[in-house]
Amino acid sequence: MALAIFDMDDTLVDGDSSSLWLNYQVAHELAPAAMLPREAEMLRAYYAGELAMEDYMAYTLTPLFGLTHTEVEDWVNQFIEEVILPRIFPQALRQIELHRQREDRLLIISATGEHLVRPIAQRLGVRDSIGILLEMEEGAYTGKTHGVLSYREGKITRLQAWLEQQGETLVGSHGYSDSLNDIPLLEAVEYPHAVNPDATLRAETHRRGWTELAWRREPLSA
């Protein structure tokens, strides 16, 4: 049994779940529409590898301030059903199932908040997940994060801590990601796969001889 480690956004999901979630919150009057232009600007910085994730999280978590876990969970579950599940790449589901049949251990690791990562992973039948940890006080979200953010090199820090806790290793591991931000993750696994890679990751993939995968949301033809 080996590990199969998946990034989530733009790898399993066609789109960025944090951005989609903010748009969903705005549509349901849970967040002000005025937040969207700045968030879009920050997302462009993410795709360019120039985002300070601390700033992004501090900004986009403000609508959660004072809400309980149950309140947020109810909305997130609706969001997953309405927005996320239709955006899951069919090939991603097939790859997850392939690893499951091999009895590999599945792990989703993402630079998205755990309030989204964990339930999305569970909906895909993946028990183990790592997302950015959110701070709570007296049962309510503070709008802040805590601990090491699972972003870029921080993903490796969080992954190594998880490996030690679980008694796992990266021997024989597979990794899947779309982004230049996850080059450290793909370097860490034994079998790296670039899924719909951005230009920087594609160049690195070709240089290193990594596997490149093209996943699309349209159903595969028979």
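Any read-out appearing in this document is the output of simple, stated calculations on the displayed coordinates, not a laboratory observation. No experiment lies behind these values; they were computed from the predicted model shown. Cβ coordinates were reconstructed from backbone atoms using ideal geometry, including for glycine residues, and neighbour counts include every protein chain displayed.
Could you list log10 I(q)/I(0) for the stretch 3-213 at q = 0.10, 0.11, 0.18 Å⁻¹, which the Debye formula gives when each Cα is one point scatterer? Relative scattering, expressed as log10 I(q)/I(0), comes to -0.41, -0.50, -1.39. When each of the peptides 49-59, 18-28 is scored by how many other beta carbons lie within 10 Å of its residues on average, the order from highest to lowest is 18-28, 49-59. Give the share of C-alpha pairs in each 10 angstrom bin for the stretch 73-189, from 0 to the last occupied bin, in whole percents, shortest bins first. Spelled out bin by bin, the stretch 73-189 gives 12, 41, 37, 10, 0 percent. Projecting label points 7 angstrom from Cα along Cα→Cβ for residue 135 and residue 34 puts them 2.4 nm apart. Net charge dipole, the chain: roughly 620 debye, given to the nearest 20, about the Cα centre with Cβ charges of +1 for Lys and Arg and -1 for Asp and Glu.
Rounded to the nearest 10 degrees, what's the angle between the helix 199-208 long axis and the longest principal axis of the chain, both from Cα atoms, 0 to 90? Roughly 20 degrees between the two axes.
Taking the centroid of alpha carbons for each part, the stretch 1-31 and the stretch 162-202 are 18 Å apart.
Positive-end ranking of 25, 209, 113 along the dipole of the stretch 3-213, with charges on Cβ about the Cα centre, is headed by 209.
Each Cα pair under 8 Å and six or more residues apart adds its separation to the average, and for the chain the resulting relative contact order is 25 percent.
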